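The structure under discussion appears below in the form of structure tokens.
The values are calculated or read from the model by the stated rules, or taken from the named source; none is laboratory data. Because the structure is predicted, anything quoted here is derived from the model rather than measured. Here the Cβ is made from the backbone with ideal geometry for all residues, glycine too, and neighbour counts use every protein chain on show. Just the protein is used for accessible areas: all its heavy atoms, side chains included, with ligands, DNA and RNA removed. Shrake-Rupley method; radii C 1.70, N 1.55, O 1.52, S 1.80 Å.
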Amino acid sequence: MPAKSLYSKGIERAGEKFSTKIFLFGAGPAVRSMESEDVMSDASFLGWPFFEDRHRALAEGLETWCAAHLPVDHGDVDAACRGLVAALGAGEWLRHSGGETLDVRTLCLIRETLARHDGLADFAFAMQGLGMGAVSLFGTDRQRRWLDRTRAGTAIAGFALTEPASGSDVAATSTTATRVQGGWVLNGVKTWISNGGIADVYVVFARTGEEPGARGLSAFLMPADAAGLRVEERLEVMAPHPLARLSLTDVSLPQSALIGAAGEGFKVAMSVLDVFRSTVGAAALGFARRALDEAIARVKSRRIQGQALAEMQMVQGHLADMALKIDAAALLVYRAAWVKDQGATRITREAAMAKLYATEAAQEVIDMALQLHGGDGVRSGSAVERLYREIRALRIYEGASDVQRIVIARSIL
Ligand code: COS
């Protein structure tokens, strides 16, 4: 692929004004499915004041890495995820997934870029961060030893919050943690647990009963080899990734497994979600950008009635709507990330807006990209067909769209 022509066309397309580098988005073997070599993702957003030069440098470096390493074969998702975690660790990208300071703009840029190249790579990165989020934000030095491994890609993390009867309603958590001599004993069922079955360590939320509802939960660090922890069922979904239902039967954990204070588990969970919800929006943004790139390639190369689809006004109108949604989503995502990085203690409203808008908009952008591909769009294995399946769960996990609406409404009432 001629890098120079991509470079100049990218400048033209983005109508570049900022003086920093333009990146070769879309180059390399990862995007072989595109029908034209003319299209690259618009990187002009990197000139926005939300970003510092270190973010721009990181985006450029990751783009190069992605072109060399992604996409991977998803045939065996467990093996693919293990391989991706190891590769992301070796590439030092997982360094950003945890630690005492989480730079949310960096998390979002990484997720957006990975998602544009390979949804499973985004998943692998994101779950290291979410799984260890409570340890990053509230962990003791001893608990942080796990971070050394998850950041190196030598251990896989899982976030065990959801239960069969408490997905949106976290305060209804029914898994129990009973205080015993020297520690805790946990019993219950967790479901829809990402990395369930391949994780080496989980952060699990359980009822410790200091008070009813949200004020009686606590968070614990639970190694996957803890006696009494069982993977009951692997869950198959439309965009496959490791997912499982876990049972905890008299799982004994030491006192040192408690993350934060007893009774503070709900706030621990919500604080973690505050950080990672905007990154879900960023992943959706990556999927949407890829869909727009695919759509542009399609409409430039597909001809009907003697002209390219791209020359038809109605098609142009759809492309304009897609680009508009992408920019609006990016503004909300990076606004939330920037506010958090400026030191805000809570970004509940900003994160909810970013996740809600970016995931819903991405669904619409991807649907239109698929439509513009006609029959080819619904062919199994096409890029837009894959994106169509991959985006759907993002409107559900880490707080479904209607939960985000509740959060936003509460913040303004
Ligand atoms: N950060 C810190 N503290 C928070 C918080 C946040 N983002 N959100 C709420 N809290 C605190 C509240 O301030 C309140 O504290 P006090 O009791 O001291 O006043 C406490 O936590 C309870 O909050 P609230 O009354 O809002 O709890 P609700 O049970 O009404 O919360 C929603 C309801 C829907 C907002 C919550 O359960 C939620 O976000 N659900 C979705 C969960 C989710 O994302 N699930 C997916 C699992 S991971 S894939």
Quick note, the stretch 80-132: a/c under 1.5 would make it rounded; otherwise a/b > b/c is prolate and the rest oblate (a ≥ b ≥ c, C-alpha gyration tensor); here it is oblate
Helices from the chain with mean Kyte-Doolittle at least -1.0 and a Cα length along the axis of 15 Å or more, per DSSP H: which? 3-14, 53-69, 77-90, 104-117, 119-131, 265-301, 313-341, 348-372, 401-412
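Please report the equivalent ellipsoid semi-axes of the stretch 139-293, computed as sqrt(5 x eigenvalue) of the Cα gyration tensor, largest first, in whole Å.
26, 17, 17
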Could you run the Debye sum over the Cα atoms of the stretch 85-166, one equal point scatterer each and no solvent, and tell me log10 of I(q)/I(0) at q = 0.18 Å⁻¹, two decimals? -0.70
Averaged per residue, the 1.4 Å probe accessible area of the chain, protein heavy atoms only, in Å², is roughly 42 Å²
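For the stretch 105-226, report the translational diffusion coefficient in µm²/s to the nearest whole number, using Stokes-Einstein at 4 °C, 1.567 mPa s, and a Kirkwood Rh over Cα pairs.
Using the Kirkwood radius from Cα pairs, D works out to 84 µm²/s.
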All-pairs Cα distance distribution in the stretch 36-90, expressed in whole percent, bin size 10 Å: 18, 38, 30, 13, 0
I need the P(r) histogram for the stretch 262-413: all alpha carbon pairs, bin width 5 Å from 0 out to the longest distance, whole percents. 2, 10, 18, 18, 16, 12, 9, 7, 5, 2, 1, 0, 0, 0
Ranked from the most accessible area to the least, with a 1.4 Å probe and all protein chains present, what is the order of 145, 111? 145, 111
Could you tell me which of rounded, prolate or oblate describes the stretch 287-329, using a ≥ b ≥ c as the square roots of the eigenvalues of the alpha-carbon gyration tensor, with rounded for a/c under 1.5 and, failing that, prolate when a/b is larger than b/c and oblate otherwise? oblate
How large is the Kirkwood hydrodynamic radius of the stretch 158-222, in angstrom, based on all distinct alpha carbon pairs? 12.1 Å
Computed magnitude of the charge dipole of the stretch 346-413 (debye, nearest 20; Cβ of K, R +1, Cβ of D, E -1): 300 debye
The correct pair for the stretch 362-413, radius of gyration to one decimal and Dmax as a whole number, both in Å and from Cα atoms, is 14.8, 46
Give me the percent of accessible area attributable to carbon and sulfur for the stretch 290-413, probe 1.4 angstrom. 54 percent
Which value, in debye to the nearest 20, gives the size of the charge dipole of the stretch 120-250 about its Cα centre, when Lys and Arg are +1 and Asp and Glu are -1 at the Cβ? 280 debye
Charged-residue dipole, Cβ positions (Lys, Arg, Asp, Glu), the stretch 128-185 about Cα centre, Debye nearest 20: 300 debye
Cα radius of gyration and Dmax for the chain (Å): 21.5, 80
Counting only pairs 8 or more places apart or on different chains, how many lysine pairs in the chain have C-alpha atoms closer than 15 Å? 6
